[in-house]
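Contents: one structure, followed by commentary.
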Amino acid sequence: MILDDLDARPGSTTSLLRTVVGLYARDLGAVAVADLVALLGALGVPPAGARSAVSRVKAKGLLAPATLDDGRAAYRLAPDAVPMLERGDRRIFTYRQQGDDDPWCLVSYSLPEARRDARHQLRRHLAWIGAGTVADGLWIAPGHLVDEVEQILVALGVRDAATVFVAGPPRVSGSFAEAAARWWDLDRVAALHRTFLARHDGAATAGEPTPREAFARWVRAVDDWRPVPYADPGLPAAALPAGWPGTASVALFDALRAAHVAAAREHVRVVVGR
């Protein structure tokens, strides 16, 4: 099982390539290396950097070598990468906000010092999917993330050390908003939303772009957006501070999608010839 790459920094050449692959490789099948380089060229990536990114993404198990009918070197999506991309689709394109009475997922685990690395990786991956820290060895996430939690436990080989509960809303001393502010780094999540708004506000209504321009805008928007719905677990409105920027950020992403998806896909079709 391939887990999400926590170290792919949005805006980097590797991250942009991962985003292009995630958006288009499943429909295209094998894509010539030269076409991948051309697609990244629309994003301002020079050919040498694009080829290096292809090699890095292949090494991470996302791409597998292939050869087109005309003999050109190509890559296709590695089969083991499909579940990861499907998880990403659900998170990126279907933002889900927890309801006040929806179930929650609690993860309790205990890993000895001899398994310190596994413990570190578990914490990193739980934080990546938007889980909050209630106490040492006890994490909380919206109930709809329980399958992702299970996949992480299995992939990291720590399922034997964890117990997963699906429970009703937590009972806390004080307000749930106060507890949420302790369990999640909401300042960081709000900063991610504000950064996305600052980078892309206005792009959805910036005039009619060419297909190449639409492709560049859409890929960069998805690349910048990709970490946001992971860091943001979609807490209930009652748990969020006043002036929460997430509502505007989600609406902007949806507007960018409506404005650019079709033209971006046309650019890809022209580049790859199908």
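Every number here is computed from the coordinates shown, using simple stated rules; none is lab data. In this text the structure is predicted, and so the values were computed from the model without any measurement. All Cβ positions, glycine included, derive from the backbone under ideal geometry; neighbour counts span all protein chains shown.
Values for this structure:
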{"quantity": "Cut-off under 5 Å, modelled amide H: who pairs with A30 long-range", "calculated": "none"}
{"quantity": "Spin-label pair A181/V154, simplified geometry with 7 Å Cα→Cβ offset, distance in nm", "calculated": "4.0 nm"}
{"quantity": "Residue-wise HN-Hα coupling along region 138-154, computed from phi with Karplus coefficients 6.51, -1.76, 1.60 (Hz; x: Gly, Pro)", "calculated": "9, 10, 10, 8, x, x, 6, 9, 4, 5, 5, 4, 4, 4, 5, 4, 5"}
{"quantity": "For region 262-271, 3J(HN,Hα) per residue [Karplus equation, 6.51 cos²θ - 1.76 cosθ + 1.60, θ = phi - 60°, Hz, x = Gly/Pro]", "calculated": "5, 5, 5, 5, 5, 4, 4, 4, 5, 5"}
{"quantity": "Cut-off under 5 Å, modelled amide H: who pairs with V172 long-range", "calculated": "none"}
{"quantity": "Three-way shape call for region 13-87 based on the alpha-carbon gyration tensor, with the a/c threshold at 1.5", "calculated": "oblate"}
{"quantity": "R171 versus L68: modelled label distance in nm, points set 7 Å from Cα along the beta carbon direction", "calculated": "6.4 nm"}
{"quantity": "Rounded to 5, percent antiparallel among DSSP beta bridges of the chain", "calculated": "100 percent"}
{"quantity": "Cα centroid separation - region 215-274 against region 34-53, whole Å", "calculated": "22 Å"}
{"quantity": "Rounded to 10°, Cα long-axis angle of helix 116-128 versus longest principal axis of the chain", "calculated": "80 degrees"}
{"quantity": "Radius 14 Å from Cβ of D160, net charge of other residues (Lys, Arg +1; Asp, Glu -1)", "calculated": "+2"}
{"quantity": "The chain - percent relative contact order, Cα under 8 Å, separation 6 or more", "calculated": "23 percent"}
{"quantity": "Check: region 13-87 dipole with +1 on Lys, Arg Cβ and -1 on Asp, Glu Cβ, in debye", "calculated": "300 debye"}
{"quantity": "Global form of the chain, assessed from the alpha-carbon gyration tensor, a/c cut-off 1.5", "calculated": "oblate"}
